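Worksheet: the structure to be examined is printed underneath.
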Amino acid sequence: MANIETLAAKVAKLRAAAEKSTSPLAAAEAELAAAQEAETARQEERSKEYDARVFDQRHQAAETAHRSATEPRARFQQLIAEQPWFQAWADMRAARYRAWDVAVEAQNAAVNAGEDYNAVPNVTVGEADLIGDLTRLADERAREIATTEADQRRGERDVFITGTD
């Protein structure tokens, strides 16, 4: 039994020593955690301050950039509108919208008059696609040119076949 008392005393002594050594560790860990929280809060505050300053600068720069584009855009619109080909394209687009407006008015009138609105042609207006329109028109013109050339070659062949040497 004496051995147990000796061992119990030894364990108590070691436990007290361990508590003494973990006490500074726990305090140091708590101090570190508090310092890390303080640094995180400081950085978050600086981040907000920086972002607020940058927002003001970029917001003003964006407004200036937007205003600076207004005059060149107006000048571009004026110059492009003066081009005969652009005016013709705009007239072509206007005819599409005009046809659509008239068809809608006719359908509305038919419904109001109790008539069959399906008798009115259904007109659709596609998106304004200058490049697409140019491509389609160029393809149509190219087909006309190729057909004219093919007709000419066939005509030369026919003349040769029906002619005499």
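The values are calculated or read from the model by the stated rules, or taken from the named source; none is laboratory data. All values reported here derive from a predicted model rather than from experimental measurement. All Cβ positions, glycine included, derive from the backbone under ideal geometry; neighbour counts span all protein chains shown.
Quick check on the stretch 136-153. Is at least one of its residues of a type in the set (Gly, Ala, Ser), at pLDDT 85 or above and not in a helix (DSSP H, G or I)? Within the stretch 136-153, not a single residue is of a type in the set (Gly, Ala, Ser), at pLDDT 85 or above and not in a helix (DSSP H, G or I).
Looking at the structure I just gave you, is residue 96 free of Cβ contacts under 8 Å to residues at least 60 places away in the same chain, part of a helix (DSSP H, G or I) and under 22 Å from residue 133 (Cβ atoms)? For residue 96, the condition - free of Cβ contacts under 8 Å to residues at least 60 places away in the same chain, part of a helix (DSSP H, G or I) and under 22 Å from residue 133 (Cβ atoms) - is met.
Sort out which residues of the stretch 69-90 are of a type in the set (S, T, N, Q), surrounded by 10 or more Cβ atoms within 10 Å (Cβ to Cβ) and assigned to a helix (DSSP H, G or I), and write them in order of number. Once the filter is applied, which keeps residues that are of a type in the set (S, T, N, Q), surrounded by 10 or more Cβ atoms within 10 Å (Cβ to Cβ) and assigned to a helix (DSSP H, G or I), the stretch 69-90 yields 77, 87. If you check 146, 138, 119 for being within 30 Å of residue 85 (Cβ to Cβ) and over 40 Å from the mean Cα position of the chain (by Cα), only one passes: 146. The set of residues in the stretch 78-112 that are within 18 Å of residue 124 (Cα to Cα) and aromatic (Phe, Trp, Tyr) comprises 89, 97, 100.
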